[in-house]
Amino acid sequence: MNDEPRGVTRRRFLQALGGLGLAGGVSFLVARGIAFRPAAPAAGRAGSAPATPGPSAAAAPATDSLDELARSVRHGAPGKDAIPAIDRPRFVAASSARFLADEDVVFGLVRDGQARAYPQLVLVWHEIVNERFPSGPLSITYCPLTGSAVAFRGTAPDGRPYTFGTSGDLVNSNLLMYDRQTDSRWPQLLGQAISGPSRGRVLEQVPLDWTSWGRWRAVHPDTLVLSTRTGYLRQYGNDPYGSYNYGAAHELFGYYEPGQGRFLYFPLLHESDRFDEKEVMVAAELGPHRLAVRKALLRDRGTIQTSLGGRPVAFRYDPALDAGRAYLTGRGGSSKRLVTFDVMWLAWFAFFPRAAVIG
Amino acid sequence: MRSRAPARWVARAVSVALGDRRSRRLAVVVAGLYLLVYLIALGDLVIWAGTGSSRFVRVPSVEVAADWPAQLLAQRAPFAYEPVLAIHPVDHVTVFVAPADLGMGLLLGALAGLNVGVALLATRTGRACGVRGAAGWRGAAGLLGALPALAGGVTCCVPTLALAVGTQLAGALLAVGGYLFPVALLATALPLVWNAHRLARAGPAAASGSALG
C-alpha cells in the first residue's frame, strides 16, 4: 500500500490594476462560463437564523443532501495534492520552536498523553497532516478559507485507516479532502463523504483547540510542535491569505479580518448576514445535531447552558487557551467533552443553514 | 539562395541577431527581465514584508528538499514544479529553485528576447534593403505572446491571484492554467519564425546582416 502521494483600498487598487491587465485576455472565458460563478446570493440567502436551539433544529436536516453538496464542488487549486499534505510530520520540543511567536495561532491536541501543537503558519501551506499516534492514525486538517481546524480518524470499508490529501476542490469554500484508500471526497466541515465509494460514511472527530502558541505552551510546557521541516520548501511565515498576527498589535489581516464587507473567493450554497461572514463560531456536534455559539459571546459570558438533541449541553470558555468547549452535562455534575471546533460564520451557515445558533 | 526550412530561417536569423551588438543586448535584457518576472509569478522568487525568513532558517543559508530527487518532477500546478532548493540570501527574500521552472522560464525568456532582437534586426535590415514590413509589430507580438505563461504560473497561488484580478478572472485562469504555457510557447515561437522568414525572403544581404553595414 502506498499512502504517500492593506486594507480595502490597497486591495481594490490591486484588483483594478490586475483587472485592467488581464481583463482583455480572459474575459471571453468568463463570458462563456468557464470561470467560477461569483460568490453571489445563492439559493438560501437569509437575514437571520434561529436565535436559540429548539425542536426545529432537531426535526429538520441540518445540511443539504450529499448529492447537492457534490454538485456544488468548485475547483480551488490547480489539482489533487497541489497543496501537499504532510505525511511524515517531524516535531520539535517547545524550547526549540523559536520560529513561533506567542501570538501565532496553533491547533493543539492531547492524545495518548502527548500534547502536540500544529502551527497555523505551517498548515496554511499543507492543510492536512497525516499523523500516527500509538492509538492509531489521525489526520489534522485546516481550511484557511473557512477558518476551521478539525482532527479526524476513520476506517475504510476494507478496514484500512483513512489518510487524506487535498483534492484541489472546495465545497462552500471549505477544504474538500480525498481519502487515499477509496478516493472518495470529504468536505472538512461535514466529516462525511459526499461522493465516491465511501459516500455516506462518517469520520470520527477528535477534540482540537484553536489557540495561540504562548497560551498552549503555558498550559502544556512539554508539548511537541510540528516542525517546518515538512519535506517541502515553502514560505512559512508568509500567509497567502492574510495574517492572524499582523503588525505590532497582532491583528487579523486580509481575508481573516472581519468588517471587510463582502470578501469571498468562492460561492456558497447559503448565506446569512446575521453576523459578519468572518465572525468566529464555536460549533459542537452530537450525533446528527449541531449547534454553534458565537465565540465572542461565549468569551463574554464564560458559560452558556443550552441543549442539543434534547440533551443538556454546556458551552464553556477556557480563558487559559482562549478556546470554546462544549460538554454534555449529566446528573451529579458529570460532564463529557463534545467535539467542538472554531469556524467562520460564512461556512457554518453555508453548510448548516437550519442548525441552531446562539449569538 | 533562400532556405525554405523554418528551422534554418530561425537558426540563421538568431545567429545574425546575436552577432549584432544592439540586437543581442536587447535580446539579453528582455530575456533576463522576462525570466525574473516569470520566477516571481511562479512564486519561485519571493520578496515579502512582515515575518522574515530568519525566524525559520539561518540567513543567509541554502535549504535542500528532504527528498529532492523525487521533487524534481513533482508538479504543484500545471507547468509549475516543486522546488528542490531554497536560497535565503537576506531576511525578506527567498529564491526557490525548481530546475524545471527555471528551464521553462529560460526557454520562454529566450524566445521573447530573440523575438525582440530579431524584430529589431529585421526592422533595421528591412529599412536598409528597402523592404517594407511590420517586423517590429511581430516582435512585440512575440514578446506579448510570452505573457500568458506568467498568468499560468500564478494559478498555483489562487488567493494572491484572486486578490489581484478578482475571483472571476482567477477562476478563469485556473480553468485554463494547463494550457497557458503551451499557448505562450506557440505565441512566442510563431512570430519568431515569421520574422526569420521575412529576413530570409529579404535576401542574402539582409539574412546575413551585411545590409546594416
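The values are calculated or read from the model by the stated rules, or taken from the named source; none is laboratory data. Bear in mind the structure is a predicted one, so any value in this text is a computation, not a measurement. Positions of Cβ are generated from backbone atoms using ideal geometry, with glycine treated the same way; all protein chains shown enter the neighbour counts.
For region B:83-118, give me the residue count where each residue is among the β-branched types (V, I, T) and either crowded, with 24+ Cβ neighbours inside 10 Å or touching a helix residue (DSSP H, G or I) at 6+ places or on another chain (Cβ under 6 Å) (or both).
4
Inside region B:61-130, counting only strands (runs of 3 or more DSSP E) that do not spill past its ends, which hold 1 or more residues that are within 28 Å of B:V176 (Cβ to Cβ)?
In region B:61-130, the matching strands (runs of 3 or more DSSP E) lie at B:75-77, B:93-97.
Identify all residues within region A:85-109 that are surrounded by 15 or more Cβ atoms within 10 Å (Cβ to Cβ), more than 14 Å from every other protein chain (Cβ to nearest Cβ) and either β-branched (V, I, T) or assigned to a strand (DSSP E or B) (or both); write none if there are none.
Within region A:85-109, A:F91, A:V106, A:F107, A:G108, A:L109 meet the criteria.
Those residues that are touching a helix residue (DSSP H, G or I) at 6+ places or on another chain (Cβ under 8 Å) and not in a strand (DSSP E or B), I need them from region A:296-320; list them, please.
Result: A:G309, A:G310, A:A320.
Determine if region B:35-51 includes at least one residue that is among the hydroxyl-bearing types (S, T, Y), within 14 Å of another protein chain (Cβ to nearest Cβ) and out of contact with any strand residue (DSSP E or B) (no Cβ under 7 Å at 6 or more places or on another chain).
Yes: region B:35-51 contains one or more residues that are among the hydroxyl-bearing types (S, T, Y), within 14 Å of another protein chain (Cβ to nearest Cβ) and out of contact with any strand residue (DSSP E or B) (no Cβ under 7 Å at 6 or more places or on another chain).
Return yes or no: is A:L291 closer than 26 Å to A:W216 by Cα, outside the structural domain of A:V150 (by TED's automatic domain parsing) and either assigned to a helix (DSSP H, G or I) or of a type in the set (K, R) (or both)?
In short, no.
Residue check: is B:A146 out of contact with any strand residue (DSSP E or B) (no Cβ under 8 Å at 6 or more places or on another chain), within 14 Å of another protein chain (Cβ to nearest Cβ) and either over 25 Å from A:H126 (Cα atoms) or at pLDDT 75 or above (or both)?
So B:A146 passes the test.
Quick one: count up the residues across region A:154-190 that are of a type in the set (F, W, Y) and either in a loop (DSSP other than H, G, I, E, B) or over 18 Å from A:Y142 (Cα atoms) (or both).
1
Any idea which of A:R234, A:R316 is more than 14 Å from chain B (Cβ to nearest Cβ) and among the charged types (D, E, K, R)?
It is A:R316.
Which of the residues spanning region B:9-57 are farther than 30 Å from A:S227 by Cβ, of a type in the set (D, E, K, R) and in contact with a helix residue (DSSP H, G or I) (Cβ under 8 Å, 6 or more places away or on another chain)?
Selection gives B:R12, B:D20, B:R22, B:R24.
Just checking, how many residues over region A:321-356 are part of a strand (DSSP E or B) and in contact with a helix residue (DSSP H, G or I) (Cβ under 8 Å, 6 or more places away or on another chain)?
Qualifying residue count for the region: 3.
For A:L269, work out the one condition from (1) outside any loop (DSSP other than H, G, I, E, B); (2) within 23 Å of A:Q205 (Cβ to Cβ) it doesn't fulfil.
(1)
Here are the criteria: (1) farther than 30 Å from A:R98 by Cβ; (2) of a type in the set (A, V, I, L, M); (3) surrounded by 16 or more Cβ atoms within 10 Å (Cβ to Cβ). Tell me which single one B:A7 does not satisfy.
Here B:A7 meets the rest and fails (3).
Would region A:268-284 turn up any residue that is at pLDDT below 90 and surrounded by fewer than 23 Cβ atoms within 10 Å (Cβ to Cβ)?
no
Among the numbered conditions (1) modelled with pLDDT of 95 or more; (2) out of contact with any Asp or Glu (no Cβ under 9 Å at 6 or more places or on another chain); (3) under 20 Å from A:A77 (Cα atoms), tell me where B:P83 comes up short.
Answer for B:P83: the failing condition is (2).
Which count do you get for residues in region A:238-259 that are more than 19 Å from the chain's Cα centre (by Cα) and either assigned by TED's automatic domain parsing to the domain that holds A:G147 or crowded, with 19+ Cβ neighbours inside 10 Å (or both)?
Qualifying residue count for the region: 2.
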